[in-house]
Amino acid sequence: MARGLWTTTVGSFPKPAHLEKARNQHARGELSQDALEKLEHEETIQVLKRQEEIGLDILVDGELYRGDMTTFFAERMPGFAISNPVRSYGNRYYRKPIAVGPIRRKKPLTVEWWKFAQSQTTKPVKGMLTGPYTMMDWSFNEHYPSREAMAMDLAEAIREEALALQEAGAKYIQIDEPAVSVRPEELSMAVRALGRATEGLKAKTITHICYGDFDVIYPALLDLPVDMIDLEMANSRYDLLDRFRSHPFTKEIGYGVLDVHSHRIESKDEVKQGILRGLDVLRPEQMYVDPDCGLKTRTVEEAFAKLQVMVDAVREVRQEKGITA
Amino acid sequence: MKIETTLAGSFPKLPTRAGDVNLRVVRNRRDSGKATDQDVAEAIRETTRRILNVQEEAGIDLPVDGSAGWDDAQTYVARSLGGFQIAGLIRYLDTNTYYRQPEIVGAVRWNGPITVEDYKRAQAMTSRPVKAFLPGPYSLYRFSKDRHYKNPSEALAAIGKALGQEARALEDAGATWIHFEEPWLGRASAADAPLVRAALEPLLAGRKAKTLIHVPFAAPTAVFDAIRDLPWTAIGLDLVEAPAGWELLNEVPQGKTVALGLLDARNTRLEDAAAVAEAVSRARAARPDLEYQLSPSASLEYLPADKAELKVSRLVEAARIASRNGG
């Protein structure tokens, strides 16, 4: 009997309203660090519990203690300053890292959170990092002479963190590179940087990329030195499968089946159809089924409702096709 | 010869001084029911005034209104044109900013002025000529999803015509300069040349105002032949991210203006004013028969407000040195 179609998520979960409020209070100095962390730990336990209840195979801590995916790391690394707010769209703003000196990892960045999350469950919890190319591309640079020099220093720092996660027991380490897909001419630089970040790791390595021009970067994308590449499939109506037909996808794939930009809860049938279409060109043991991207932009209820549909759809496909986890 | 200074599109909305109106806060308050649409409109007005003041105090010759009421560079105009609807958020090229994707679902048409009141309000706030801002038709099409037209040329001609009508309304309101934002010209291939022309020809025909075709992020090398003889006044080149733009200088017809995008709009590192002035001199030495403006490489909204203001000051300083050097 074939094995495969394991279920997981890309990383982030939505923050409940009272946690958002607490984070704002903390930012204004109206709530202590200890009080905020206590709440973050409580909510992380809930997120893990709900992932278990839904029946996901590989869990995440939900990143409820993180803000922006680059700024969270930059705030903890010497060499970075943090800018005043920059607009991303409409009335949404984020503070962007600025490289102002040599970037180093002086202390663990995520290891304690990973240990805490793993202590709450017997299922594997992924270590979640932002990749060196994306950290570089999404930061300002006032220090390094070139984009590559900055990316390679970041690769060293991220490698140290990945090794520390592995040392702590992480079996899956995801190093996200969403920026890789938008500058095809720099894909080789991203490959070099991610290669250094993952060098010597025995844990299963994953990278998530999204929103890109896959016509241009596929199949070169397969050069990314990781075991699994996580891709948004549903958002592009599974168009990527046509490319996999002409050039086989040779790695494991994080196979996105939920549109994270839509409030609509997918039907079980449409998710099943998406998975079945994938099985036409991919082997089940290659496939890890998950949402297209992080779920933090959905409401809490939307996120879990979508995931329940996804897990139910996978169960039916497994049953129909005789696939076990 | 004086080097004229200008900005390239939108400007950060957030204030840098305590006590100034904070549009972000007012919008959040409106969204939570604690402020009204009228309050937001007032905050947009005050933000526009502040953005114009920043430019006026620094000495920018051709200021912009900063697009304070716009959520992104496309939808403010697209949502008011007939034939468009607005869909979900997607990433704006490689900038790690987002826009809502316009979808073409019917014949594109101009239903009436979209930006004219904004222009008039901004122009009333300053004695300098405000440069109006519109998306370029080729890029608006490329940023959109076309669910209506069978033939891209037909769609591009319709968008070009509609934006041309908006430009006419701006001219009638007194606009003497109009900026058309065309990032996709830098990504177009030679095969796209007929489409680029299909979009820009109806846009530029019969313009009374001076027109700037601004191409951030990449040089429009592959399609420059297709636009060379069109009646634009100025081409804006991003010489920070796309040094290939230097080679295009040789291709620009005599008497045209080049807006030299020499200050990096996507990095906080401040340029040396003398080095920027030196680059202007290099352009003038290569093509003394052209007119020049100095501008950032792209919209300064990719920067936080404090850094954007520093860039504006540095831009003017560099232009003054360049003007002295090239007198």
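Descriptive notes on the structure:
- Residue match in segment B:161-171 (condition: under 24 Å from B:P63 (Cα atoms), under 18 Å from the mean Cα position of the chain (by Cα) and in contact (Cβ under 8 Å) with a residue 60 or more places away in the chain): yes
- Condition check for B:A107 on (1) at pLDDT 95 or above; (2) closer than 17 Å to B:K13 by Cβ: one failure, at (2).
- For segment B:51-82, a residue qualifies if it is surrounded by fewer than 21 Cβ atoms within 10 Å (Cβ to Cβ), more than 12 Å from chain A (Cβ to nearest Cβ) and of a type outside the set (A, V, I, L, M), and the qualifying residues are B:N53, B:E56, B:E57, B:G59, B:D61, B:R79, B:S80, B:G82.
- When we screen B:G206, B:G136, B:G164 for residues that are small (G, A, S) and touching a strand residue (DSSP E or B) at 6+ places or on another chain (Cβ under 9 Å), the only hit is B:G136.
- Exactly one residue among A:V216, A:V289, A:V260, A:V300 is aliphatic (A, V, I, L, M), closer than 27 Å to B:G88 by Cβ and surrounded by fewer than 16 Cβ atoms within 10 Å (Cβ to Cβ), and that residue is A:V216.
- Residue within segment A:139-148 that is part of a helix (DSSP H, G or I) and at pLDDT below 95 present: no
- Residues that are closer than 17 Å to B:A209 by Cβ and either among the β-branched types (V, I, T) or touching a residue at least 60 places away in the same chain (Cβ under 8 Å) (or both) occur in segment B:137-156; there is at least one.
- Filtering segment A:1-26 to residues that are within 20 Å of A:T297 (Cβ to Cβ) and assigned to a helix (DSSP H, G or I) leaves A:A17, A:H18, A:L19, A:E20, A:K21, A:A22, A:R23, A:N24.
- Per the conditions (1) touching a Lys or Arg at 6+ places or on another chain (Cβ under 9 Å); (2) assigned to a helix (DSSP H, G or I); (3) more than 25 Å from A:Y288 (Cα to Cα); (4) hydrophobic (A, V, I, L, M, F, W, C), the sole criterion not satisfied by A:A35 is (1).
- For segment A:247-291, the tally of residues that are in contact with a strand residue (DSSP E or B) (Cβ under 9 Å, 6 or more places away or on another chain), assigned to a loop (DSSP other than H, G, I, E, B) and modelled with pLDDT of 95 or more stands at 7.
- Looking at segment B:1-108, the helices (runs of 4 or more DSSP H) lying wholly inside it that each contain 2 or more residues that are among the basic types (K, R) sit at B:23-31, B:37-58.
- Unmet requirement for A:M189, which otherwise passes all of (1) within 14 Å of chain B (Cβ to nearest Cβ); (2) part of a helix (DSSP H, G or I); (3) more than 26 Å from A:P219 (Cα to Cα); (4) not small (G, A, S): (3)
- When segment B:298-319 is limited to residues that are under 17 Å from the mean Cα position of the chain (by Cα) and away from chain A (no Cβ under 14 Å), the one that is nearest to A:Y94 (Cα to Cα) turns out to be B:V312.
- In segment B:223-244, residue surrounded by the fewest Cβ atoms within 10 Å (Cβ to Cβ) [restricted to those that are more than 30 Å from A:D137 (Cα to Cα) and over 15 Å from the mean Cα position of the chain (by Cα)]: B:D229
- Segment B:245-283, residues that are assigned to a loop (DSSP other than H, G, I, E, B), small (G, A, S) and loosely packed, with under 15 Cβ neighbours inside 10 Å: B:G255
- All positions within segment A:153-186 that are away from chain B (no Cβ under 14 Å) and of a type in the set (S, T, N, Q): A:Q166, A:Q174
- Residue match in segment B:74-82 (condition: free of Cβ contacts under 8 Å to residues at least 60 places away in the same chain, touching a strand residue (DSSP E or B) at 6+ places or on another chain (Cβ under 9 Å) and aromatic (F, W, Y)): yes
- Residue check, A:R76 within 12 Å of another protein chain (Cβ to nearest Cβ) and surrounded by fewer than 17 Cβ atoms within 10 Å (Cβ to Cβ): no
- Where B:L23 falls short, out of the listed (1) more than 10 Å from chain A (Cβ to nearest Cβ); (2) at negative phi; (3) buried (at least 16 other Cβ atoms within 10 Å of the Cβ): (1)
Residues checked against (1) at pLDDT 95 or above; (2) out of contact with any strand residue (DSSP E or B) (no Cβ under 6 Å at 6 or more places or on another chain); (3) within 23 Å of B:S153 (Cβ to Cβ):
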residue	(1), (2), (3)
B:L195	yes, yes, yes
B:D225	yes, yes, yes
B:A234	yes, no, no
B:D238	yes, no, no
B:P243	yes, yes, no
B:L249	yes, yes, no
B:R266	yes, yes, no
B:D272	yes, yes, no
B:A277	yes, yes, no
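- The single residue among B:E271, B:E247 that is of a type in the set (D, E, K, R), touching a helix residue (DSSP H, G or I) at 6+ places or on another chain (Cβ under 9 Å) and within 14 Å of chain A (Cβ to nearest Cβ) turns out to be B:E271.
- Of everything in segment A:141-156 that is touching a strand residue (DSSP E or B) at 6+ places or on another chain (Cβ under 8 Å) and farther than 14 Å from A:S188 by Cα, the residue that is surrounded by the fewest Cβ atoms within 10 Å (Cβ to Cβ) is A:E142.
- Among the criteria (1) surrounded by 24 or more Cβ atoms within 10 Å (Cβ to Cβ); (2) touching a residue at least 60 places away in the same chain (Cβ under 8 Å), the one A:W138 does not fulfil is (1).
- Among (1) surrounded by fewer than 22 Cβ atoms within 10 Å (Cβ to Cβ); (2) within 14 Å of chain A (Cβ to nearest Cβ); (3) of a type in the set (D, E), the one test that B:D289 misses: (2)
- Of all residues in segment A:192-223, those satisfying the criterion of being assigned to a helix (DSSP H, G or I) and closer than 20 Å to B:L93 by Cβ are A:F214, A:D215, A:V216, A:I217, A:A220, A:L221.
- Test result for B:L89, within 27 Å of B:V108 (Cβ to Cβ), buried (at least 16 other Cβ atoms within 10 Å of the Cβ) and more than 14 Å from chain A (Cβ to nearest Cβ): no
- Members of segment A:83-98 that are facing another protein chain (nearest Cβ under 7 Å), within 11 Å of B:R24 (Cα to Cα) and part of a strand (DSSP E or B): A:P85, A:R87, A:Y93
- Qualifying residue in segment B:32-48 (condition: more than 11 Å from every other protein chain (Cβ to nearest Cβ) and touching a residue at least 60 places away in the same chain (Cβ under 8 Å)): yes
- Residue count for segment A:116-138, restricted to those that are within 12 Å of A:K171 (Cα to Cα), not small (G, A, S) and not in a loop (DSSP other than H, G, I, E, B): 3.
The values are calculated or read from the model by the stated rules, or taken from the named source; none is laboratory data. Please read these numbers as outputs of a predicted model, since none were measured by experiment. Every residue, glycine among them, receives a Cβ derived from its backbone with ideal geometry; neighbour counts consider all protein chains shown.
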